[in-house]
Amino acid sequence: MIQLLRTDSSNPDFQNLVKKLDAYLAFIDGDETAFYSQYNKIDMLKNAVVLFEDGNAMACGAIKKMDENSMEVKRMYTDEASRGKGFAKKVLTELEEWAKELGFEFCVLETGKRQPDAIALYEKCGYQKIPNYGQYFGIENSVCFQKPLK
């Protein structure tokens, strides 16, 4: 049975999944990890989603306000044992719905070029590449996306 929980970054299941995400990103990003880590703190995230399969936390994601019109998707992760089951898409859809309910018009996000599965997910879910924004401007490994919430 699949369940989605809307929570915040104080949720222990969310925190445990983010620890796995951080370990994965440290492996693939190597020396660039410190740069990205400074923008991925979770202590103030008010809008997080955890996906449970049979009571076990298997995927997560969060959104945070970027500007008056946009929420930024952060900390998307699916446990390695659960990949390929569509969990990331379920979490992303729930985050988009939540952003819409809060009155935002767009979701934006950044991911790394070394994460082809993430890029494929975002493109499949209707995200369009945009110029790198904010702290990601000029960062070679970063790819930024945006999706209107209609």
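Return yes or no: is THR111 assigned to a helix (DSSP H, G or I) and either over 17 Å from LEU45 (Cα atoms) or of a type in the set (Phe, Trp, Tyr) (or both)? The answer is no for THR111. Cβ-Cβ contacts under 8 Å between residues 6 or more apart (or on different chains), taken from a first residue in region 1-13 that is under 14 Å from ILE63 (Cα atoms) and in contact (Cβ under 8 Å) with a residue 24 or more places away in the chain to a second residue that is surrounded by 17 or more Cβ atoms within 10 Å (Cβ to Cβ) and small (Gly, Ala, Ser), are listed as ARG6/ALA48; THR7/ALA48; ASP8/ALA48; SER9/ALA48; SER9/ALA62.
Considering (1) touching a Cys at 6+ places or on another chain (Cβ under 8 Å); (2) basic (Lys, Arg); (3) outside any helix (DSSP H, G or I), the lone condition that LYS85 does not fulfil carries the number (1).
Residues in region 133-150 that are assigned to a loop (DSSP other than H, G, I, E, B) and modelled with pLDDT under 95: TYR133, PHE137, GLY138, ILE139, GLU140, ASN141, LYS150. So for region 98-107 (the condition being out of contact with any Lys or Arg (no Cβ under 6 Å at 6 or more places or on another chain), closer than 27 Å to ASN141 by Cβ, assigned to a loop (DSSP other than H, G, I, E, B) and of a type in the set (D, E, K, R)), does at least one residue qualify? For region 98-107, residues out of contact with any Lys or Arg (no Cβ under 6 Å at 6 or more places or on another chain), closer than 27 Å to ASN141 by Cβ, assigned to a loop (DSSP other than H, G, I, E, B) and of a type in the set (D, E, K, R): absent. Each residue in region 56-75 was checked for being surrounded by fewer than 23 Cβ atoms within 10 Å (Cβ to Cβ), hydrophobic (A, V, I, L, M, F, W, C) and under 19 Å from THR111 (Cβ atoms), and 1 of them qualify. Within region 88-97, the set of residues being of a type in the set (Val, Ile, Thr) and either in a strand (DSSP E or B) or surrounded by fewer than 22 Cβ atoms within 10 Å (Cβ to Cβ) (or both) comprises THR93 only. Working only within region 41-55, note down all residues that are at pLDDT below 95 and either surrounded by 16 or more Cβ atoms within 10 Å (Cβ to Cβ) or of a type in the set (Asp, Glu) (or both). Scanning region 41-55 gives ILE42, ASP43, LEU45. Those residues that are in contact (Cβ under 8 Å) with a residue 24 or more places away in the chain, closer than 22 Å to ALA59 by Cβ and exposed (fewer than 14 other Cβ atoms within 10 Å of the Cβ), I need them from region 115-150; list them, please. Across region 115-150, the qualifying residues are ASP117, LYS124.
The residues of region 57-80 that are of a type outside the set (S, T, N, Q), at pLDDT 95 or above and more than 22 Å from GLY134 (Cα to Cα), listed by number, are ALA57, MET58, ALA59, CYS60, TYR77, ASP79. Here ARG83 qualifies as of a type outside the set (A, V, I, L, M, F, W, C), modelled with pLDDT under 95 and surrounded by fewer than 19 Cβ atoms within 10 Å (Cβ to Cβ).
The values are calculated or read from the model by the stated rules, or taken from the named source; none is laboratory data. Note that the structure is a prediction, hence the values are computed from the model and not measured. So basically every Cβ, Gly included, is an ideal-geometry build from the backbone, and we count neighbours across all protein chains shown.
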